[in-house]
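The values are calculated or read from the model by the stated rules, or taken from the named source; none is laboratory data. Note that the coordinates shown come from a computational prediction; the quantities given were computed from them, not determined experimentally. Here Cβ is always computed from backbone atoms with ideal geometry, including for glycine, and neighbour counts include all displayed protein chains. SASA here: full protein model, heavy atoms, side chains in, ligands and nucleic acids out. Shrake-Rupley method; radii C 1.70, N 1.55, O 1.52, S 1.80 Å.
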Amino acid sequence: MTQATPQLSRREQILQALALMLEEDSGKRITTAALARQVGVSEAALYRHFPSKARMFEGLIEFIEASLFERIRRILDDEPSALARCETIVQLVLAFAEKNPGLSRLMDGDVLTGETARLRTRMSQLFERLETQLKQILREAELREGLRPQLPVSAAANLLSAFVEGRISQYVRSDFRHRPTVHWEDQWRLLGGGLLTTTHQTTSV
């Protein structure tokens with residue numbers, strides 16, 4: 001075992017403790033002193049692994065990005081249907097937020113109030129990337145399946161993205177009582193049922 005392994009383990013321990021504090025201390029500002037107590041180390045020890053609290057938050061955001069988009073890549077590989085891709089991706093993000101309440105506070109952005117603008121920008125970019133992925137799926141639907149959104153592509157992708165963000169925001173505001181996957185099947189029946197329509201192609205005479 002190399003010397004780098006315990007350092008990696010300590011970094012992970014710090015990030016896990018931060019995520020737990022975000023969940024358990026909902027509404028409270030996280031301080032490095034409190035985080036150090038949670039981990040059981042000194043503040044100086046924290047800073048040996050992360051130069052600032054902002055970098056700790058960035059570490060969690062990087063984890064969210066890697067977790068979601070790695071799974072989205074698998075969905076795109078395994079699922080050829082545009083409608084099923086959209087459904088599975090939206091459900092994935094909602095389920096991820098539900099299973100990780102502390103990280104959902106980051107996704108909602110409320111915990112980043114008062115933190116560096118770079119963090120809020122980074123979190124916004126994650127949802128922009130998600131919306132861009134949905135746009136690409138919807139654009140490809142016409143080429144692959146002869147289907148097109150009933151709204152303009154940008155509007156349809158934005159609707160799905162806004163739905164995701166809204167359900168996560170409700171989850172956070174309710175102190176994790178209103179789970180984002182509740183009513184999912186009924187809501188997707190409405191959203192998905194009106195999302196795509198068959199293109200009408202005319203043949204030359």
Rounded to a whole number, the Stokes-Einstein D of the stretch 1-136 in µm²/s (Kirkwood radius over Cα pairs; 25 °C; 0.890 mPa s) is 151
Expressed as a percent, the accessible surface of the chain that is carbon or sulfur, using a 1.4 Å probe and the full set of protein chains, is 48
Calculated from DSSP helices alone, with each H run of at least 4 adding -39500 (n - 2.57) and the total divided by the residues of the chain, [θ]222 nm to the nearest 500 comes to -24000 deg cm²/dmol
Measuring from its Cα centre, the stretch 32-106 shows a charge dipole (+1 at each Lys and Arg Cβ, -1 at each Asp and Glu Cβ) which, in debye to the nearest 20, is 360
For the stretch 103-205 the mean separation of alpha carbon contacts under 8 Å (6+ apart) over residue count, i.e. relative contact order in percent, is 30
Rounded to whole angstroms and listed largest first, the alpha-carbon spread of the stretch 122-202 along its three principal axes comes to 53, 31, 16
Plugging the Cβ-Cβ distance of Arg118 and Ala44 into 1/(1 + (r/R0)^6) at R0 = 25 Å yields, to the nearest 0.05, a FRET efficiency of 0.55
Of all stretches in the chain that avoid trypsin sites (Lys or Arg not before Pro) placed in a DSSP loop and having at most 12 other Cβ atoms within 10 Å, the longest is 30-176
Magnitude of the Cβ-charge dipole (Lys and Arg +1, Asp and Glu -1) of the chain about the Cα centre, nearest 20 debye, reported as 500
Extension length gain for Glu145 and Leu190 (0.36 nm per residue less Cα distance), in nm, is 14.1 nm
Relative contact order in percent for the chain (Cα pairs under 8 Å, 6+ apart) equals 22
The stretch 47-123, Kirkwood Rh and Cα Rg, ratio Rg/Rh at 1.07
Excluding residues fewer than 8 positions from Lys99 in its own chain, the lysines with Cα under 24 Å of it are Lys28, Lys53
Regression test value, accessible area per residue of the stretch 25-175, probe 1.4 Å, units Å², expected 48
Ratio for the stretch 65-205, C-alpha Rg to 2.2 N^0.38 Å, reads 1.14
When the charge dipole of the stretch 84-174 is computed with +1 at the Cβ of Lys and Arg and -1 at the Cβ of Asp and Glu, the Cα pointing farthest to the positive end, of Thr116, Leu106, Phe96, is that of Thr116
In nanometres, the difference between 0.36 nm per residue of separation and the alpha-carbon distance of Arg177 and Ala66 is 37.3 nm
